[in-house]
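The structure appears right after this line, and notes come after that.
The values are calculated or read from the model by the stated rules, or taken from the named source; none is laboratory data. Since the structure is predicted, the reported quantities are computational estimates derived from the model, not experimental observations. Neighbour counts are summed over all protein chains in view; Cβ atoms, including those assigned to glycine, are modelled from backbone coordinates with ideal geometry. When the accessible area is computed, the model is the full protein with side chains, heavy atoms only, and any ligands, DNA or RNA have been set aside. Shrake-Rupley method; radii C 1.70, N 1.55, O 1.52, S 1.80 Å.
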Protein chains: 2
Amino acid sequence: MGIVVQKYGGTSVGNVDRIKNVAKRVKKTLEEKKKVVVVVSAMGDKTDELVSLMYEVTDHPPKREMDMILTTGEQVSMSLLSAALFELGIPSISFTGWQAGIETESVFGNARIVDIKPERMFESLREGKVVIIAGFQGVTDDMEISTLGRGGSDTTGVAVAAALKADYCEINTDVEGVYSTDPRIVPNARKLPCITHNEMLEMATLGASVIHPRAVELAKIHGVKILVRSSFSDEEGTFIKEENDLEQAIAVTGVAYDTDVIKVEVLKMPNIMGTIAKLFDYLASEKINIDMIVFSEHGHETINVAFSVGIEKGQQTVDQLNKHKSELKFEDAFYEKDVAKISIIGSGMTTNPGVAAKMFKILGDQDIRIKMITTSEIKVSCIIPEDRGIEAVKLLHSAYDLDVEKTANVEGTP
Amino acid sequence: MGIVVQKYGGTSVGNVDRIKNVAKRVKKTLEEKKKVVVVVSAMGDKTDELVSLMYEVTDHPPKREMDMILTTGEQVSMSLLSAALFELGIPSISFTGWQAGIETESVFGNARIVDIKPERMFESLREGKVVIIAGFQGVTDDMEISTLGRGGSDTTGVAVAAALKADYCEINTDVEGVYSTDPRIVPNARKLPCITHNEMLEMATLGASVIHPRAVELAKIHGVKILVRSSFSDEEGTFIKEENDLEQAIAVTGVAYDTDVIKVEVLKMPNIMGTIAKLFDYLASEKINIDMIVFSEHGHETINVAFSVGIEKGQQTVDQLNKHKSELKFEDAFYEKDVAKISIIGSGMTTNPGVAAKMFKILGDQDIRIKMITTSEIKVSCIIPEDRGIEAVKLLHSAYDLDVEKTANVEGTP
């Protein structure tokens, strides 16, 4: 009998009624002759509440004690869910991170899982129980309680699925799956029946985030299938898995859109060994994360470098560059605010020539100015003027046959 | 350097300001060159809130899951207190029950501590840290989280003090110590500087409860000194210890008063072997707790039995008796509501003859009708009419030289 891991996020267990609803969904899965392991987050805003409480006590909470207080959130949800299952006549047992054997590195606030000792979970499953696990937490070598940081519960779900060799890991959330683009922008965005881990990684780090990239990465490494679906409906969701089956041949799976970027330009920097490295090192030391980088040597003595950073980092970036201007010897550094990043993603791209060219043509035909381009194996991203962004998303979504009315184009002619 | 265990109850850690106040008190104790271990309860009404939440999910919560949810309460307080100490520049570390090595029997909801492995606490104390422990919880042999039930945090405090061979265990609460009687009834009730474990046990099971009898019993067995004091003032509290020092000779230490009782009488029951046992067995099967029992054989063929039960149990008791009337063959069973129990307590009683007689005389002189009497080594209790109760408390308190104006009567002539 196969094992399914079901992860329910904070919204899905936000109150007692929703917890009862989760219990019913678990029951339904059991009726499909599956063994079920549930990973839960803290209820609704509980984590934020606990953080605030801690900050009422001190502006500098010790990380260890922050983990201590935060882990209570999941412990509350899991015991309530276990009780709700008992109420439906379903035997179940809840485990904290240390009880479930989730071992992490000795770090607080952002620990990575190093191992899972699944014996206790297997034992309870053998006894016919539903196993409920506190997401987001683990235990270190020296018996300290740790948390996994951002995306922690998703990561717990995937890691547990890997350790138990589960059929797949469901991520039950408040959206119905992964869409070909943001349905708020393109109303006929298509829910994708499946997508590869790599495609999902490109989607998630852009703006279509429904599952934390860290969890997707872990799933990719361990070959864990993920099913993203809604906790609030019975709609089929989106499978994230290694190979994209039938749709493999489709060049473009989705269009991602992100307005939370700005473009920075550094002009006329001398083309000397190590200057580029120094420049990005100075930015890294200020914790400025760089997204796209465009640079190409053209045989001249000076070079231009362009890159994108988070929208709130513009002034800080330029200030930091100017601080080191005498060393880096560039002529000018400035940033441009009113831009957006639009990307097409698809693992079929590599085998379908002309996908990128088509994107540039569509944008060019409408006089949408492309200010920057980067490409990867499965993604092409352009920086364009923000005021043309939504129009561009709609154009590309339609041009790549992603609109919901149309039949999927199995041939994927770009 | 001596170790002090300080237990702070729910009221004492009821909000962030109070937790900061506890941190200041810990700091003061450190300045007295003591090592400090703190045991905390859940904040204010937190435990009740968690219980309610559980009952919103089900009318029959699994005990294991109830323990799982309840133990989060103490975990929250302890991490906040640890943070508050860091804020004062004091290194500290908080431990859940399992981290502190508090091992209990394999029972949920009402487990007894079977052992404490103090190594980790000692190690942190050696490192100069304040150790903070979640009260009320432990871990079973098979790594299950258990709770200790009523009086759990007091019990944790005493058990930890025993394991660490602490100088004493402070019970910080919302009263300033143990009084010779209820100060709400007798305004010049005296705060006792010290009292023996046995006297405290008799006081606590009556109405002067400031610490759970279970914790006092444990302290008695392990010879742990307890200091009951207020979290909200610097007043000296009451020491509970084996020998009562100077005051040993005082016959009566306190007067206890309890209106939460009723008297039940069973009349003309045949005096046949085993009938009495059967009677109380039938009551026990209905979970009716008996307090005082008065019975004496007088050579007749029928006997009368009187006993006291909790005020809400009267009708249930009589109903249960009548259900078995044909077997028990008594003539009548009824209960009397408007009564109260008044007791004098003192470990010096055994060596001071006439203490009980004086009590009966004082009550008799004022025509306060005594409806029932029981005695133990260190206590005499009478059931009297409730409407004369407060008057009786005042009379006895004064007659035994307990009023605060007077000097302690070291000779203790009764």
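Here are some notes:
- With label points defined 7 Å past Cα in the direction of Cβ, position B:E123 shows copy-to-copy spacings of 2.4 nm, given to one decimal and shortest first.
- Across B:K225/B:K394; A:K7/B:K20; B:K7/B:K117, pairs whose alpha-carbon gap is larger than 26 Å: B:K225/B:K394; A:K7/B:K20
- Solvent-accessible heavy-atom area per residue, rounded to whole Å², over the range A:140-283 at 1.4 Å: 39
- Start at zero, step by 20 Å, and the Cα-Cα distances of the protein assembly as shown spread as 13, 33, 29, 15, 8, 1, 0 percent across the bins.
- Note on A:Y335: accessible area is roughly 80 Å² with a 1.4 Å probe, heavy atoms of protein only.
- Restricting attention to chain B, close to 60% of DSSP beta bridges with both partner residues there are antiparallel.
- Chain B: most fluctuating residue of B:G354, B:G89, B:G128 per GNM, C-alpha cutoff 10 Å: B:G89
- Reach of B:K287 by Cα under 14 Å, taken over aspartates and glutamates that are not fewer than 8 positions away in the same chain: B:E312, B:D319
- Shape of the range A:73-124, Cα gyration tensor, a/c cut at 1.5: oblate
- Note on chain A: GNM, Cα springs under 10 Å; of A:S308, A:S146, A:S233, the largest mean-square fluctuation is that of A:S233.
- Rounded if a/c under 1.5, otherwise prolate or oblate - chain B, Cα gyration tensor axes: oblate
- When the Cα gyration tensor is reduced to axis lengths a ≥ b ≥ c, the ratio a/c is 1.5 or higher for the range B:3-174, and with a/b not above b/c it is classed as oblate.
- Overall size of the range A:266-360 from C-alpha positions, given as principal axis extents largest first: 46, 34, 22 Å.
- The range A:365-405 versus the range B:216-237: alpha-carbon centroid distance in Å: 73
- In terms of distances greater than 22 angstrom between alpha carbons, the cross-link table entries A:K33/A:K220; A:K268/A:K371; A:K46/A:K191; A:K24/A:K129 yield A:K33/A:K220; A:K46/A:K191.
- The range B:318-378: GluC sites (Glu not before Pro) falling in loop per DSSP and having at most 10 other Cβ within 10 Å: B:E377
- Using a cutoff of 8 angstrom between alpha carbon atoms and counting only pairs six or more residues apart, the relative contact order for chain B works out to 14 percent.
- Chains B and A, summed buried accessible surface - 1.4 Å probe, Å², nearest 100: 3200
- Of all aspartates and glutamates in the structure, those lying under 12 Å Cα to Cα from B:K28, and not within fewer than 8 positions of it along the same chain, are B:D234.
- For B:K361, the aspartates and glutamates whose Cα comes closer than 17 Å to its Cα, not counting residues fewer than 8 places off in the same chain, are B:E391, B:D401.
- Largest mean-square fluctuation among A:A162, A:A256, A:A277, in a Gaussian network model of chain A whose springs join Cα atoms under 10 Å apart, belongs to A:A277.
- Accessible carbon and sulfur surface of chain A relative to its total accessible area, %, 1.4 Å: 49
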